[in-house]
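Here the structure is laid out as C-alpha cells; the discussion comes afterwards.
Just so it is clear, none of the values below were taken in a lab; they were calculated from the coordinates. Everything quoted here is computed from the prediction, not taken from an experiment. Cβ atoms come from the backbone with ideal geometry, glycine included; neighbour counts cover every protein chain shown.
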Amino acid sequence: MIGGFVYRGTQLRGLQGAYVYGDVCDGRIRVLARARGQALRHRDLGLRLPGLVSFAEDHAGELYALSLAGGVYRLKAVA
C-alpha cells in the first residue's frame, strides 16, 4: 500500500475528509471514508496508475498521484 492524504480540497465532491491511498502492486487508487459518521468503509475509485509510488497535496488541498513511469497526475472529477 502507498500512504496518501486526507482529502481537503473542493474539486472532488463527496471525498472531503476521506483518506485517499493506493496499491503499489496493482496501481489502484482507493479511499477510506466514514459511512454515516460511524463505520469506516473502503471504496475503489476506479482509477489505476501503473507504477504508482506516492501522493502529493497542493496548497488548496487537491491531490496528485506520482508514477515511476514519470508522470504526476492530478486527481479530478470526470464530468
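So the values come out like this:
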quantity	calculated
Contacts under 8 angstrom Cβ, first residue in the stretch 1-22 being within 16 Å of Ser67 (Cα to Cα) and touching a residue at least 12 places away in the same chain (Cβ under 8 Å), partner of a type in the set (Val, Ile, Thr) and outside any strand (DSSP E or B), 6 or more apart	Met1/Val24; Ile2/Val24
Odd one out for Phe5, checked against (1) exposed (fewer than 15 other Cβ atoms within 10 Å of the Cβ); (2) within 12 Å of the chain's Cα centre (by Cα); (3) outside any loop (DSSP other than H, G, I, E, B)	(1)
Residues within the stretch 37-65 that are exposed (fewer than 12 other Cβ atoms within 10 Å of the Cβ) and either hydrophobic (A, V, I, L, M, F, W, C) or under 15 Å from Met1 (Cβ atoms) (or both), tallied	5
All positions within the stretch 45-70 that are within 15 Å of Val24 (Cβ to Cβ) and either touching a residue at least 40 places away in the same chain (Cβ under 8 Å) or not aliphatic (A, V, I, L, M) (or both)	Arg48, Pro50, Gly51, Leu52, Val53, Ser54, Phe55, Ala65, Ser67
Count - residues of the stretch 23-47 that are touching an Asp or Glu at 6+ places or on another chain (Cβ under 7 Å) and closer than 14 Å to Ser67 by Cβ	1
Residue among Arg34, Arg30 that alone is surrounded by 13 or more Cβ atoms within 10 Å (Cβ to Cβ), touching a Leu at 6+ places or on another chain (Cβ under 7 Å), assigned to a strand (DSSP E or B) and basic (Lys, Arg)	Arg30
Filter result (in contact with a Leu (Cβ under 9 Å, 6 or more places away or on another chain) and either loosely packed, with under 15 Cβ neighbours inside 10 Å or more than 19 Å from Gly17 (Cβ to Cβ) (or both)) within the stretch 66-75	Leu66, Ser67, Leu68, Ala69, Gly71, Val72, Tyr73, Arg74
